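The values are calculated or read from the model by the stated rules, or taken from the named source; none is laboratory data. These numbers come from a predicted model, not from an experiment. Backbone-built Cβ (ideal geometry, glycine too); neighbour counts: all protein chains shown. Heads up: the accessible areas ignore ligands, DNA and RNA and are worked out on the full protein's heavy atoms, side chains in. Shrake-Rupley method; radii C 1.70, N 1.55, O 1.52, S 1.80 Å.
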Amino acid sequence: HIFLSPAAQAAAVRSAMVENGHLTEAAFDAAHAVEESLNWHNGAKVVARAWTDPDYKARLMQDGTAACAELGFEGPEGEYIVVIEDTPEQKNAVVCTQCSCTAWPVLGLPPEWYKSPAYRARVVREPRKVLSEMGLDLAGDVALRIWDTTAETRYLVLPLRPPGTEDWSEDQLAAIVTRESMIGVALVKAPK
């Protein structure tokens, strides 16, 4: 047996599809460009802007789709983005119980754990336990709400800004925001 790495396998499939006329190199390049542009780092920039610009945050909370588009983040699976804000009293988390939909323009393609049947089924039945298993233990007095995406609606969690970051720039803030915090299964933490 000859073992090929996943990258070598992908290159071989790409080469065969181009050689056989099924797709062109330009089509592969375009697909790669779309995947690169649909990235969770975009969402981190949205969150950082909302943390530093109260007017932008108000627009984001009123019309997430338009506010994300203001920063250039729009496209497939981002036609109707609803932003839900964490507060000290309420934590929010997102799931797609039917498949694994996310707001691609600001969350990128969904991570493997998000697509897993176990996460999709369990987070609605035993959300505190699932979040705890993922490393997030919430105080008993913090309410937890799970938001289930639909074919039309995609959610983005606006996480709490960590203390000690009041004087940070947008770039510094965006660097500490994670995809998990925007899905709602983690908190944003400032480095010590």
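Please report, in debye to the nearest 20, how large the charge dipole of segment 54-122 is about its Cα centre when each Lys and Arg carries +1 at its beta carbon and each Asp and Glu carries -1 there.
My answer is approximately 360 debye.
Could you please put Arg154, Arg14 in sequence from largest to smallest accessible area, using a 1.4 Å probe?
Most to least solvent-accessible, the answer reads Arg14, Arg154.
For the pair His22/Arg128, report the inter-label distance in nm, with labels modelled 7 Å from Cα in the Cβ direction.
Taking the simple label geometry, His22 and Arg128 are separated by 5.0 nm.
For segment 83-192, take N as its residue count and report Rg(C-alpha) divided by 2.2 N^0.38 Å.
Taking N as the residue count of segment 83-192, the ratio is 1.05.
Probe 1.4 Å, all protein chains in place: accessible area of Thr87 in Å², nearest 10?
Using a 1.4 Å probe on the heavy atoms, I get roughly 50 Å².
What is the sum of charges, Lys and Arg at +1 and Asp and Glu at -1, for the other residues whose Cβ falls under 14 Å from the Cβ of Ala151?
-3
Using Cα atoms only, what is the angle between the long axis of helix 25-37 and the major principal axis of the chain, expressed in degrees (0 to 90) to the nearest 10?
10
Run the lone-cysteine check on the chain: no other Cys C-beta under 4.7 Å from the residue's C-beta.
Cys68, Cys99
Count of lysine pairs in the chain with Cα atoms under 28 Å apart, counting only pairs 8 or more residues apart in sequence or on different chains?
Pairs that pass both the separation and distance tests number 16.
Take the alpha carbon atoms of segment 68-96, find their center, do the same for segment 145-192, and report the distance between the two centers in whole angstrom.
10
Provide the FRET efficiency to the nearest 0.05 for the Glu152-Glu89 pair, computing r from the beta carbons and using R0 = 45 Å.
0.95
Of the listed peptides 130-142, 176-188, what is their order by residue-averaged count of other C-beta atoms within 10 Å, with the highest listed first?
Per-residue mean Cβ counts within 10 Å order the peptides as 176-188, 130-142.
Taking the Cα atoms only, what angle lies between the long axis of helix 6-19 and the longest principal axis of the chain, rounded to 10 degrees?
50
Consider all pairwise Cα distances in segment 83-127 and report the whole-number % of them above 14 Å.
Across segment 83-127, Cα pairs with separations above 14 Å total 53 percent.
Heads up, I need the accessible area for His22: 1.4 angstrom probe, whole protein in place, Å², nearest 10.
Around 130 Å² of this residue is reachable by solvent.
So I have (1) 18.1; (2) 16.5; (3) 19.9, and one of them is Kirkwood radius over Cα pairs in Å calculated from this model. Which one is it?
(1)
Taking 8 Å as the Cα distance limit and 6 or more residues as the minimum spacing, I'd like the relative contact order of the chain as a percentage.
26
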